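Okay, structure first, notes after.
Each reported figure results from applying straightforward, stated rules to the coordinates on display, with no laboratory input. What you are looking at is a predicted structure, and each value in this text was computed from that prediction instead of being measured. Please note: Cβ atoms are built from the backbone with ideal geometry, for glycine as well, and neighbour counts cover all protein chains shown.
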């Protein structure tokens, strides 16, 4: 497990992430929601200390245990599954920040529960997420999250608990004297990459690997963004595409755990912007049910690339937070089914729901990142008819 010194360093990095993720500076007595799982109790105590020292108000909320979550889904009726507690909306309307401390006690406890039932509370809580999104777009809210090592995570990743802990330490630079400074340096280097990408007038991207050949269309008024403090760790640079311009085959060679279910070797075939066919070595039926969650769940909400020069993650971690930031030999790309982030080049305050729809930003209660770690080439086809290889050998093709 993490030492107390490492947890204090982690808390410092999280606070750096929280400040970086929010456009406006925090003010004295701002409200910060701290969500934590049982195995993250000690970390929550340390985060509380750091927030209090910054004159912020930590609001501590323990998440359901695996037993509680399973009991809820097995025994709750339709009304209970969609229930939002009194005061929840008011709380979210008055938050200035959120720190989530993930430390799952189980990854498979929901494997025998109907995915459509699992989706009901997710969809019911979507309006709360929209409140946070709207506040963030106005610069009034920021969030970040991290992962703590647990026996369940170690078991499903094929690592010992010590090995898993060491991966977290290395990935988050907690073995360095000044992790916050390293994160700031990575942030500054990523800014150069994003500026390089955003200067290109891209018509579409073509992503080719041994098992994938996919067209992704950025669409009008898009920005490449990422390494913005929102996730610790986060090394991805991404945009939310115009979902209508997605064609071809996407392949996720990396396994994925979601809602207590494991899927492996997922192949998605897109036609006219939507998934028309699903294949998988394991979990195809679960994937099919997930993409029937709502109208937007079979569409693309995000496309991302990770440069291996940033990321020290070199093994499967059984957690999307780490797996979508895999570095290894080839870096990674990942594609998210479902909701999009407002990676908009204009004034976010003017990005209405109607304008999002017109620009092809996807809307859904689902957001599921599926990761490809194969060797790949990503070519940008520009509107001036030129072609530029922007990513190969696991790296963006620009100097850092």
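Normalising by the residue count of the range 281-374, find the relative contact order in percent from Cα pairs under 8 Å and 6+ residues apart.
Computed over the range 281-374, the figure is 34 percent.
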Taking Cα pairs closer than 8 Å and at least 6 residues apart, the relative contact order of the chain in percent is 16 percent
Kirkwood radius from Cα pairs of the range 82-136 plugged into Stokes-Einstein at 37 °C, 0.692 mPa s, gives D in µm²/s equal to 245 µm²/s
At q = 0.27 Å⁻¹, the log10 of I(q)/I(0) for the range 294-340 from a Debye sum over equal Cα scatterers comes to -0.91
The chain, Gaussian network, Cα under 10 Å: of 239, 72, 92, the residue fluctuating most is 72
When all Cα-Cα pair distances of the chain are considered, the percent exceeding 29 Å is 42 percent
From the Cα centre of the range 1-77 to that of the range 214-264, the distance in Å is 26 Å
The Rg/Rh figure for the range 189-396, Cα atoms and Kirkwood Rh, to two decimals is 0.93
At the level of C-alpha centres, the distance separating the range 338-382 and the range 94-147, in angstrom, is 18 Å
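Calculate, in nm to one decimal, what residue 177 and residue 314 gain on full extension: separation in residues at 0.36 nm each, minus their alpha carbon distance.
47.1 nm
Using the Kirkwood formula over every pair of different C-alpha atoms, what hydrodynamic radius in Å results for the range 64-161?
So the Kirkwood estimate lands at 15.7 Å.
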For the range 1-153, the Cα convex hull volume per residue in Å³ comes to 109 Å³
Percent of all alpha-carbon pairs of the range 197-271 at distances over 16 Å, whole number, is 63 percent
Bridge orientation stat for the chain from DSSP, antiparallel percent rounded to 5, came to 75 percent
Per the helix-only model, the chain has a calculated mean residue ellipticity at 222 nm (DSSP H runs of ≥4, -39500 (n - 2.57) each, divided over all residues, rounded to the nearest 500) of -9500 deg cm²/dmol
Relative contact order of the range 1-75 (C-alpha contacts under 8 Å, at least 6 apart) in percent is 34 percent
Mean-square fluctuation maximum in Gaussian network of the chain, Cα pairs under 10 Å, restricted to 83, 310, 15, hits 83
Ranked output for segments 352-359, 241-248, 126-133 by mean other Cβ atoms within 10 Å, highest leading, reads 241-248, 126-133, 352-359
Convex hull around the C-alpha positions of the range 77-233: the volume in Å³ per residue is 208 Å³
In units of 2.2 N^0.38 Å, the Cα radius of gyration of the range 167-293 is 1.27
